[in-house]
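S.K.: After the structure tokens below, expect a handful of questions from me.
The values are calculated or read from the model by the stated rules, or taken from the named source; none is laboratory data. A quick note: this is a predicted structure, and the numbers were derived from the prediction, not measured. Glycine also receives a Cβ, built like all others from the backbone with ideal geometry; neighbour counts cover every protein chain displayed. Calculation scope for accessible area: heavy atoms of the full protein, side chains included, ligands and nucleic acids excluded. Shrake-Rupley method; radii C 1.70, N 1.55, O 1.52, S 1.80 Å.
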Amino acid sequence: MNHIFNFKLYLIFAVSGVHARIQKKQGNLLVTDLDSTNGTFINDKRLRPGVVATISPGSCITFGTYLTNF
């Protein structure tokens, strides 16, 4: 199954300068929290810093206090 990921990421003051890494690998969209102060969340579940997590289509991603949908 092919998935299309459309998203916009806005940098705002509540997000660290180096907050998280988003990458596409083998057709999957991945996010890694880079030990941010306010955390990175997928569907309200906080990611452990340095642990890669897969973003599923329709997931809600929160960077600090900023929410975006994938």
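S.K.: Filter segment 30-46 for residues that are within 9 Å of the chain's Cα centre (by Cα) and hydrophobic (A, V, I, L, M, F, W, C); which is farthest from G64 (Cα to Cα)?
M.R.: By that ranking, first place goes to L30.
S.K.: Find all pairs meeting these conditions: Cβ atoms under 7 angstrom apart; at least six residues apart or on different chains; first residue within segment 16-45 and aromatic (F, W, Y); second residue not in a strand (DSSP E or B).
M.R.: F41/L47
S.K.: Can you name every one of the strands (runs of 3 or more DSSP E) wholly within the chain that holds 1 or more residues which are at pLDDT 75 or above, touching a helix residue (DSSP H, G or I) at 6+ places or on another chain (Cβ under 8 Å) and open to solvent by less than 100 Å² (accessible area, probe 1.4 Å)?
M.R.: Result: empty, no element qualifies.
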